[in-house]
Amino acid sequence: MKPNIHPKYRQVAFHDTGVNEYIIVGSTVKTSRTIELDGKTYPYMTLDVSSHSHPFYTGKSKSTKQDGRVARFKKQFSVNTIKANK
C-alpha cells in the first residue's frame, strides 16, 4: 500500500449560521480556519443549512426572500377592480 494517501480524519466544528448552532463531527473536510469551543481547538466550517435549521427536520416553515418577491410581483401586476356599490 502507498503511504500517506488517506485524508486526515479529525473532529471538526460545523457552524450552522442560520440558527447559530455548533456541531462537532468527525470529518475529513479541509479548512484553514479554527475555532475554540469548550477549551478545545477545532477546524471550523460554516453551513447555511443543517438538520438544526432545515424546515423538514424542525417542522417549522421558514420564509425566504422569494416570498417577498412573489408578493411584490402580484402587487405590481394585479388588476384592481372596483366594485360598484348597490
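Taken as a whole, the stretch 44-52 holds no residue that is part of a strand (DSSP E or B), modelled with pLDDT of 90 or more and either exposed (fewer than 10 other Cβ atoms within 10 Å of the Cβ) or in contact with a Gly (Cβ under 9 Å, 6 or more places away or on another chain) (or both). For the stretch 20-38, residues that are under 16 Å from the mean Cα position of the chain (by Cα), surrounded by 13 or more Cβ atoms within 10 Å (Cβ to Cβ) and not in a strand (DSSP E or B) total 0. For Val79, the test of being hydrophobic (A, V, I, L, M, F, W, C), at pLDDT 75 or above and part of a loop (DSSP other than H, G, I, E, B) is failed.
The values are calculated or read from the model by the stated rules, or taken from the named source; none is laboratory data. Quick caveat: nothing in here was measured; it's all calculated off a predicted structure. Cβ atoms come from the backbone with ideal geometry, glycine included; neighbour counts cover every protein chain shown.
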